[in-house]
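Below is one structure, written out as structure tokens; the observations come after it.
The values are calculated or read from the model by the stated rules, or taken from the named source; none is laboratory data. Note that this is a predicted model, so its numbers are computed, not measured. Every residue, glycine among them, receives a Cβ derived from its backbone with ideal geometry; neighbour counts consider all protein chains shown.
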Amino acid sequence: MRIAVASISAPGRLNPTGFASLRYAREQGFRVGGRVSGTGRSKPHTPRGPDHWNSGRSEPVQNSLPSCESACLPEECLKLRGRHFRTTLVCTSLISCLATIRSFSAELGAPQDVVFRARHDGSEQRYVIQLPADFNAEQPHPLLVALHGHGSDRWQFVRNPRDECRAAREAAARHRCIYVSPDYRATTSWMGPAATADLVQILDELKRRHRVSRVIISGGSMGGTSALAFAALHPELVDGVVSLNGTANMVEYGGFAEAITAAYAGTKSENPEVYRERSAELFPERLTMPIAITTGGQDTLVPPASCLRLAELLKARERPVLIIHRPEGGHSTNLADAAAALEYVIDRVLHAAPR
């Protein structure tokens, strides 16, 4: 699909948001003004290893913005179809996604590796925290939690150059977030009971130590699955969710069976409730917070079907949800899509009334 954009503007006013959106569009290879074109198609998926989320940098996708056909946006988005347009695209949701991307320079402070004793079982556990470079302890800050993929650990979203990890770090820096990446029982977590208890404990400790204004849970692959699962388990602790290439149904999901059985202390027949309560698709009524989901149509490692169904359930309930689905995409999310997903949620969370 080719997308043509004559201009992007917020209705009723022109502010730095609009200029940032236009600049970002240009940086991504889109021409702004007159007849404008770009491609919304991703490159064909080429599998690389048993878990692409643990095998280095994702494949780049050129000129990728969420397409109006793929992105399920709220009613303020003017949905356009066709191969070529000569028009003005007024899409406040898309502006929100792109508004602050690269709009100013911001940094995170040095990573700190934190050790704590788990209340769940007394074991030693860890997470990495990065404060904004200009952190002010007297001011409230949003908290962005990044959950790593299968086979990785707490350092993936801190050090890895792949697009999804880079997008999370850059979003945290832009919005002066406290940025935390936990082990949550490390390589084969899948947000089992021990990992869930650890994350609850981490949030408790961070709220006692810092002035945390909002909590956004994000992650990729196993981390994207775990972000949705944790939100379904503890919606009272979560203000926003970003799930990249995850699944929303652990009852249905058949991958990594041995690891998940260990994390869940039993198979689906032995411990069915643990699988069920971590299946966000089964509890859409609990998910009232802004949610962004990315999926790839050719993803065979973590198939997209359950997340697509969840998005439809949330849309039917008029919940704030963004789904960026790339029919030709695989088990990865490019930088533009990951950034758009994060911006969609963070913007809505920061401007929402306290729950």
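Write out, first by first residue and then by second, each pair whose Cβ atoms fall under 6 Å of each other, whose residues are 6+ apart or on separate chains, and whose first residue, in the stretch 111-137, is hydroxyl-bearing (Ser, Thr, Tyr) while the second is assigned to a strand (DSSP E or B) and surrounded by 11 or more Cβ atoms within 10 Å (Cβ to Cβ).
The qualifying pairs are TYR127/VAL114; TYR127/VAL180; TYR127/PRO182.
Based on what the data block shows, is PRO235 more than 26 Å from PHE135 (Cβ to Cβ), modelled with pLDDT of 95 or more and not hydrophobic (A, V, I, L, M, F, W, C)?
On the way: more than 26 Å from PHE135 (Cβ to Cβ): yes; modelled with pLDDT of 95 or more: yes; not hydrophobic (A, V, I, L, M, F, W, C): yes.
For PRO235, the condition - more than 26 Å from PHE135 (Cβ to Cβ), modelled with pLDDT of 95 or more and not hydrophobic (A, V, I, L, M, F, W, C) - is met.
Answer yes or no: is there a residue in the stretch 260-275 that is more than 30 Å from ILE346 (Cβ to Cβ), surrounded by fewer than 22 Cβ atoms within 10 Å (Cβ to Cβ), out of contact with any strand residue (DSSP E or B) (no Cβ under 8 Å at 6 or more places or on another chain) and basic (Lys, Arg).
yes
TRP155 passes all but one of (1) surrounded by fewer than 24 Cβ atoms within 10 Å (Cβ to Cβ); (2) under 20 Å from ASP337 (Cβ atoms); (3) of a type in the set (Phe, Trp, Tyr); which number fails?
(2)
For residues that are modelled with pLDDT under 95 and in contact with a helix residue (DSSP H, G or I) (Cβ under 7 Å, 6 or more places away or on another chain), scanning just the stretch 105-125, find the one that is surrounded by the most Cβ atoms within 10 Å (Cβ to Cβ). Steps first, please.
The initial filter retains those residues of the stretch 105-125 that are modelled with pLDDT under 95, namely 105-107.
Next, only the ones that are in contact with a helix residue (DSSP H, G or I) (Cβ under 7 Å, 6 or more places away or on another chain) stay: 106-107.
Values: ALA106: 17, GLU107: 14.
By that ranking, first place goes to ALA106.
Can you name the residue in the stretch 224-245 that is in contact with a strand residue (DSSP E or B) (Cβ under 9 Å, 6 or more places away or on another chain) and under 18 Å from GLN201 (Cβ atoms) and, of all such residues, is surrounded by the fewest Cβ atoms within 10 Å (Cβ to Cβ)? Walk me through how you get there before you give the answer.
Of all residues in the stretch 224-245, those in contact with a strand residue (DSSP E or B) (Cβ under 9 Å, 6 or more places away or on another chain) come to 224-228, 230-231, 237-245.
Filter once more, keeping what is under 18 Å from GLN201 (Cβ atoms): 226-227, 230-231, 237-238.
On the way: SER226: 30, ALA227: 29, PHE230: 26, ALA231: 24, LEU237: 15, VAL238: 26.
For the stretch 224-245, the residue satisfying everything is LEU237.
Part of a loop (DSSP other than H, G, I, E, B), in contact (Cβ under 8 Å) with a residue 12 or more places away in the chain and more than 17 Å from the chain's Cα centre (by Cα): does that describe TYR253? Explain how you work it out, then say what you get.
Working: part of a loop (DSSP other than H, G, I, E, B): yes; in contact (Cβ under 8 Å) with a residue 12 or more places away in the chain: yes; more than 17 Å from the chain's Cα centre (by Cα): yes.
Considered against the rule, which asks whether it is part of a loop (DSSP other than H, G, I, E, B), in contact (Cβ under 8 Å) with a residue 12 or more places away in the chain and more than 17 Å from the chain's Cα centre (by Cα), TYR253 comes out as yes.
Just wondering, is there one or more residues in the stretch 287-295 that are in a helix (DSSP H, G or I) and surrounded by fewer than 17 Cβ atoms within 10 Å (Cβ to Cβ)?
no
Please work out which one of (1) over 20 Å from LEU335 (Cα atoms); (2) over 16 Å from the mean Cα position of the chain (by Cα); (3) not in a strand (DSSP E or B); (4) not hydrophobic (A, V, I, L, M, F, W, C) is the condition SER152 fails and give its number.
Status for SER152: all satisfied but (1).
Of the residues ARG208, ARG214, which is within 16 Å of the chain's Cα centre (by Cα) and either at pLDDT below 95 or not small (Gly, Ala, Ser) (or both)? Explain how you work it out, then say what you get.
Working: ARG208 fails: within 16 Å of the chain's Cα centre (by Cα).
ARG214 is the lone residue from the list that is within 16 Å of the chain's Cα centre (by Cα) and either at pLDDT below 95 or not small (Gly, Ala, Ser) (or both).
Which of (1) in contact with a Ser or Thr (Cβ under 9 Å, 6 or more places away or on another chain); (2) more than 20 Å from ARG214 (Cβ to Cβ) is the odd one out, the single condition VAL145 does not satisfy?
(2)
For the stretch 246-257, give me each residue that is on the phi > 0 side of the Ramachandran plot and buried (at least 21 other Cβ atoms within 10 Å of the Cβ). Working first, answer last.
Within the stretch 246-257, the subset on the phi > 0 side of the Ramachandran plot is 256.
Matches in the stretch 246-257: none.
Would you check if there is a residue in the stretch 218-225 being touching a Lys or Arg at 6+ places or on another chain (Cβ under 7 Å) and modelled with pLDDT of 95 or more?
Narrowing the stretch 218-225 to residues touching a Lys or Arg at 6+ places or on another chain (Cβ under 7 Å): none.
No, because not a single residue in the stretch 218-225 is touching a Lys or Arg at 6+ places or on another chain (Cβ under 7 Å) and modelled with pLDDT of 95 or more.
I'm told ILE291 meets every condition in (1) under 15 Å from the mean Cα position of the chain (by Cα); (2) modelled with pLDDT under 95; (3) of a type in the set (A, V, I, L, M, F, W, C) except one. Can you identify the failing condition by its number?
(2)
Answer with yes or no whether ARG169 is farther than 14 Å from GLY223 by Cα, in a loop (DSSP other than H, G, I, E, B) and in contact (Cβ under 8 Å) with a residue 60 or more places away in the chain.
Working: farther than 14 Å from GLY223 by Cα: yes; in a loop (DSSP other than H, G, I, E, B): no; in contact (Cβ under 8 Å) with a residue 60 or more places away in the chain: yes.
Against the criterion (farther than 14 Å from GLY223 by Cα, in a loop (DSSP other than H, G, I, E, B) and in contact (Cβ under 8 Å) with a residue 60 or more places away in the chain), ARG169 does not qualify.
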